[in-house]
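Every read-out reported here was derived from the displayed coordinates using simple, explicitly stated rules and does not represent laboratory data. Keep in mind the model is a prediction, meaning the values are calculated, not measured. Because the Cβ atoms are built from the backbone with ideal geometry, glycine has one as well, and the counts that use them run over all protein chains shown.
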Amino acid sequence: MVEKLPLSELLSTAFMVQQSGKPIKASNLFRKMLKIDPQNVDALHGLGLCYAQRQQYDKAIKWIRKAIKIAPNVAGFHNNLGNAYKKIGQIDLALQHYREALRLKTPYPDAHNNLGALLFKMGKIKEATQELERAVQSDPEKINAHYNLASCYAKQDRFQDALTHYLIVLKKRSDHLGALHNAGILLTELKRYDEAKGFLSQAISRDPDNIDLLFHLAIIHSAEADYYNAKILYERILELNPNHAFAFHNLATVLLHLNQRALALDYFKKAYHLQPENLTAKHMIDAISENPEAKQSPPAFIQALFDQYAYNYNDHVKTQLKYQVPSLIREALTPFISQETLPEKTLDLGCGTGLMAPFLLDISLRLIGVDISENMTEVAKRLGAYYKLYHDDIMHFLPKHPNEYDLIVAADVFCYFGELKEVFRYCHQSLTDNNLMVFTVEYLSNPAKKNQPYRLQTSGRFAHSQLYIEKELNEAGFKLEVSKQVIIRYQEDIPVEGLLYIVRKGLI
């Protein structure tokens, strides 16, 4: 009979019962002890833990405080009192007792972890990180501390560090849903799509209606040009949340790839209705509707388009679009370049993934690239072909580099502008005297009305009339060297007509 056990054994039994998930039975044992010894601090503390286990935190605080009054220097009492105060939202008191626990005992992995988790919740990320690093250093087996530390790193965009600790959690507990979820999302952010799919799929199998998981898996399918499965996932998200603006927007983009333009237009309109600040959706509404008032693609549209497109861009344009521009530009430039006239600095404007680079390296002493898409420049960097690469909007970049470049190459860049006056002026300023710019545009061969300068097409790109381009080049101070019609690519096996120009900087 437990009543006849010595106090030490009764205490041990009571804690075993409490830890086995039977707080009411354990409470009875602690009370029996307190009838025998009302000042027994372990029994007072244990009774407080039982009430905390039953989520009766006010009573938990009462009994743990009684224990602390008798024995104020026991770190564990302060740590558990901090936990109870945190549960009822008494944050200042929780912080006070966690810090007292650490004053009395350090290192103390539980208190470091609890204090770190609370600081994280308060938005004090750097302080939280320090406490959680101490927790895992003093107890590398502490799963919760690794998980909380990973969350701190992720909040600071230290994705690789965060991933390291989520993977430690999964090594110790392969079924940890939070770690599966977050590791999958981090791997998506890191563009490690094959690994990400494994974690996301495991998490979705256990949490099939989690919109965050479904959304990131859909992003991966889109990035890999698996538009059918991306469509299924975005449609599922909209079943779960009919007002998910990003799902409407991304599904509309997928539908464009699947040539379902009418439905894509409808979904872009829904996305724009839910997010009136979404200029990309507005641009695509204008494009699909062929709005004659549109003058330029918003930078956010260009960046989002190519960030998503970057990792299958080269294969897509070479095999499906039969992209011709790099070779056409090189062929057109050849008569103008000799060993004596090699450009000192060549600017690959809107360089993308670097498709132009192999055609420019042997005629450029230093090749510089700039692109608005960070993912595109990341892919371009792998070539090792560029002297410098910049992630920037070209309209922001060009004015900062006056009279710097001896050759500017803009392969299919100006199709994202309707009005060309300002970009031509900036290019003229960036060129050194008497040197060349070469570029391509899509050709507006069938204007809707006489002298129409440009038109936004359903692709989201602009086509320009020859008359308009040559007028703006002349006003910007360029002298025409070459102008010819070319086929720049094939869209659904239909040739896309373009114009290729070589122009020379003159004096205005």
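Dipole of the chain computed with +1 at Lys/Arg Cβ and -1 at Asp/Glu Cβ about the Cα centre; of HIS273, GLN90, GLY418, farthest Cα towards the positive end is GLN90.
For segment 365-508, the square roots of the Cα gyration tensor eigenvalues, ordered a ≥ b ≥ c, give a/c of at least 1.5 with a/b no greater than b/c, which places it in the oblate category. Computed extension length for ARG103-TYR387: 96.8 nm, one decimal, from 0.36 nm per residue of separation with the Cα-Cα distance subtracted. Shape verdict for segment 72-141, please, from the Cα gyration tensor: rounded (a/c under 1.5), prolate (a/b greater than b/c) or oblate. Here segment 72-141 falls in the oblate category.
Pairs over the 26 Å Cα-Cα cut-off, from the set LYS421/LYS484; LYS231/LYS449; LYS484/LYS505: LYS231/LYS449. Summarising the label geometry, the points placed 7 Å from Cα in the beta-carbon direction at GLN466 and ASP362 lie 3.1 nm from one another. Around the Cα centre of segment 211-289, unit charges on the Cβ atoms of Lys, Arg, Asp and Glu (plus for the first two, minus for the last two) sum to a dipole of about 200 debye. Compute the separation of the alpha-carbon centres of segment 346-388 and segment 167-199 and state it in Å as a whole number. Rounded to whole Å, the Cα centres lie 33 Å apart. As a rough footprinting exposure proxy, the listed residues TYR387, TYR267, TYR57 were ranked by other beta carbons within 10 Å of their own, and the order from fewest upward is TYR387, TYR57, TYR267. The packing ranking, built from the mean of other Cβ atoms within 10 Å per residue, places the peptides 278-285, 19-26 in the order 278-285, 19-26, highest first. Cross-link pairs exceeding 30 Å between alpha carbons, from the set LYS282/LYS388; LYS69/LYS126; LYS22/LYS142; LYS86/LYS155; LYS66/LYS87: LYS282/LYS388; LYS69/LYS126. Packing, taken as the mean count of other beta carbons within 10 Å per residue, orders the peptides 482-489, 213-220 from highest to lowest as 213-220, 482-489. Using DSSP to define loop residues, name the GluC sites (Glu not before Pro) in segment 195-281 whose beta-carbon has at most 13 other beta-carbon atoms within 10 Å. Hits after loop and neighbour filter: GLU277. Peptides 377-385, 79-87, 110-118 ranked from most to least packed, by the mean per-residue count of other Cβ atoms within 10 Å: 110-118, 79-87, 377-385. Computed over segment 211-289, relative contact order equals 22 percent, with contacts defined as Cα pairs under 8 Å that lie 6+ residues apart. What angle, in degrees between 0 and 90 and rounded to the nearest 10, separates the Cα long axis of helix 245-257 from the longest principal axis of the Cα atoms of the chain? With both axes taken from Cα atoms, the answer is about 40 degrees.
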